[in-house]
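Read-outs: derived from the displayed coordinates by stated rules, not from any lab. Note that this is a predicted model, so its numbers are computed, not measured. Counting neighbours? That spans all protein chains shown, and the Cβs are built from the backbone with ideal geometry, glycine included.
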Amino acid sequence: MSDPATLSATFLDAFNRRDLDLLEAMVAPSVDYLRSLGEPLTTPAQVRARYAEDFELMPDSRAEVTAVIAQNETDVAFEILFHVVGRTVTGGVHHRWVDGKMTRYRAWTDPIR
């Protein structure tokens, strides 16, 4: 089984490649998913739908990890750069992984100006 940072890197790579199938497959059947200014999501299908909408609205968006801040056997927290609509915003992300599936997601970013 991969460590949390490796799983998160795979998840972000899937995001950057627009791989909705892999994004959905990496999410646990019951997930606690919340990002700034977003509605809570609780299922893989909801997460997939959210990313599908994101990709439609922001086709040039990309995420880039700049530093892993903390990691234990299930959780990882990292700093991120999010490139969207010709701008770059900074943020923080927390993922929890259980048996190779994401069970918790939190993301915060600076406002897009």
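Data for the structure
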item	result
Asp21-Arg106 pseudo-label distance in nm [points 7 Å out on the Cα-to-Cβ vector]	3.4 nm
Ratio Rg/Rh, restricted to the chain and using Cα atoms, in which Rh is the Kirkwood radius	0.93
Two-site FRET efficiency, Thr66 against Thr43, from Cβ-Cβ distance with R₀ of 22 Å, rounded to 0.05	0.15
Furthest towards positive pole of dipole, Asn72, Thr109, Met26, structure part the chain, Cβ charges	Thr109
